[in-house]
Amino acid sequence: MNIAFFDTKPYDRESFEKYEGPGMHLRFFETRLTPDTVNLAAGSDVVCVFVNDVVNAEVIDKLCQGGVKLLALRCAGYNNVDLDHAFGRLHVVHVPAYSPYAVAEHTMALLLTSIRRIHKAYNRTRDFNFSLSGLTGFDLHGKTVGVVGTGKIGRIFIDICRGFGMKVLAYDRFPAADSGIDYVSLEELFTQSDIISFHCPLTAETYHMVNAQTIQIMKKGVVLVNTSRGALIDAEALLEGIKERKVGAACLDVYEEESDIFFQDFSGHIVSDDTLARLITMPNVIVTSHQAFLTSEALGNIAETTMNNISSFFESGSCENELCYHCGQVENCRKLRRKKCF
Ligand code: NAI
């Protein structure tokens, strides 16, 4: 079995290398998978990719021509894969959950850091500046948080918020019955929340759900937290909202144009993305570079599920974590029932 890993970092290698052995050859590429790099995958049975690899129609065709039989995503989201084009050509598996706690906890960490100015205090005290001016925050207790998307991560974040004594409003396209969650319309959530946190997938419907119009209906001073996918927020509209003092703070673990920037060291270089550069200069914006998943528990689970997905696919011809455009379901997949549908 030959597996080619793209967009790998030292921590990826550490978590996967233990699976190497007789008959199991792992090749790690630092570069992202793109139409320009796809030839590196030639001769592999499996290609393993992450959130910012490009798996469009051209890449899928070249992977198939090179003999690749399985695309193994080592992440949950799959908006970077043309599943429509993959159908009938390439099987796609993913890791539906590796540690929803990691992402939900990072979401709260970002929120607390922002509203209690921890990042500023940290820098000040390192410089022996013990002044408190400008560090006034606000209590989370009693505030209303709007949670968009109440799947695995959204629900854990809701539990964390309830622990802080916050009032929780939620919106989900498919509300969970008997969950005890207070569901409202998206418009109501936007107008009533002091803090809004995003935990839904990026789809055509959710693309730019935060835009110039929706920002206008939000409360003045709203805090926006996005640990889901960058393109849920129109970054230029967010920047305007911050400049107009409408948005009180933004905590971003994801950014819509992150793919050429995040996971790389640009210190000492000039970053050409003006919107990101301007956002980062704002005192009320915190950016982490798609780091919410990054705990040792999550990395271990990602590696284990990815390798189980691969062996399950090759041993039985099907995998419970297979994705496809046609059914779009992970559980009770038709392909699974039919034992590999194409
Ligand atoms: P999940 O699949 O368990 O939950 C997603 C929820 O969003 C579901 O309840 C679904 O009904 C809902 N949803 C679907 N379409 C919607 C719409 N149009 N409007 C509102 N809600 C909608 O997914 P999970 O595990 O909770 O992950 C959520 C998102 O977090 C993922 O899609 C992914 O983009 C992101 N993520 C980010 C990570 C990071 O490191 N920053 C790591 C892992 C996931």
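The values are calculated or read from the model by the stated rules, or taken from the named source; none is laboratory data. Predicted model only: the values in this text are computed from it and were never measured. For neighbour counting, all protein chains shown are included, and Cβ atoms are generated from backbone atoms with ideal geometry for every residue, glycine included. These accessible areas exclude ligands, DNA and RNA; they are computed on the full protein's heavy atoms, side chains included. Shrake-Rupley method; radii C 1.70, N 1.55, O 1.52, S 1.80 Å.
Overview of results
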read-out	value
Boolean, V223 is touching a residue at least 12 places away in the same chain (Cβ under 8 Å), touching a helix residue (DSSP H, G or I) at 6+ places or on another chain (Cβ under 8 Å), within 12 Å of the ligand (Cβ to nearest atom) and within 22 Å of L239 (Cβ to Cβ)	no
Any hit, the range 242-249, residues being open to solvent by 20 Å² or more (accessible area, probe 1.4 Å), touching a strand residue (DSSP E or B) at 6+ places or on another chain (Cβ under 6 Å) and either assigned by TED's automatic domain parsing to the domain that holds F29 or not acidic (D, E) (or both)	yes
Within the range 60-87, considering residues that are closer than 26 Å to C200 by Cβ and among the β-branched types (V, I, T), the one nearest to the ligand (Cβ to nearest atom)	V81
Members of the range 261-287 that are under 21 Å from the mean Cα position of the chain (by Cα) and in contact (Cβ under 8 Å) with a residue 24 or more places away in the chain	I261, F262, F263, T275, L276, L279, V285, I286, V287
Answer residue from the range 1-45, given it is within 22 Å of N308 (Cα to Cα) and among the basic types (K, R) and is most open to solvent (accessible area, probe 1.4 Å) among those	K18
Selection status of E205, assigned by TED's automatic domain parsing to the domain that holds T113 and either surrounded by 15 or more Cβ atoms within 10 Å (Cβ to Cβ) or not in a loop (DSSP other than H, G, I, E, B) (or both)	no
Test: residue in the range 56-63 that is in a loop (DSSP other than H, G, I, E, B) and at pLDDT 95 or above	yes
Tally of residues being within 20 Å of the chain's Cα centre (by Cα) and surrounded by 17 or more Cβ atoms within 10 Å (Cβ to Cβ) across the range 106-137	8
Test: residue in the range 12-27 that is touching a Lys or Arg at 6+ places or on another chain (Cβ under 7 Å), assigned by TED's automatic domain parsing to the domain that holds A86 and either modelled with pLDDT of 95 or more or in a loop (DSSP other than H, G, I, E, B) (or both)	no
Contacts under 6 angstrom Cβ, first residue in the range 192-214 being farther than 12 Å from Y171 by Cα and charged (D, E, K, R), partner open to solvent by less than 40 Å² (accessible area, probe 1.4 Å) and more than 6 Å from the ligand (Cβ to nearest atom), 6 or more apart	D194/T144
Residue match in the range 152-162 (condition: free of Cβ contacts under 8 Å to residues at least 60 places away in the same chain and in a loop (DSSP other than H, G, I, E, B))	no
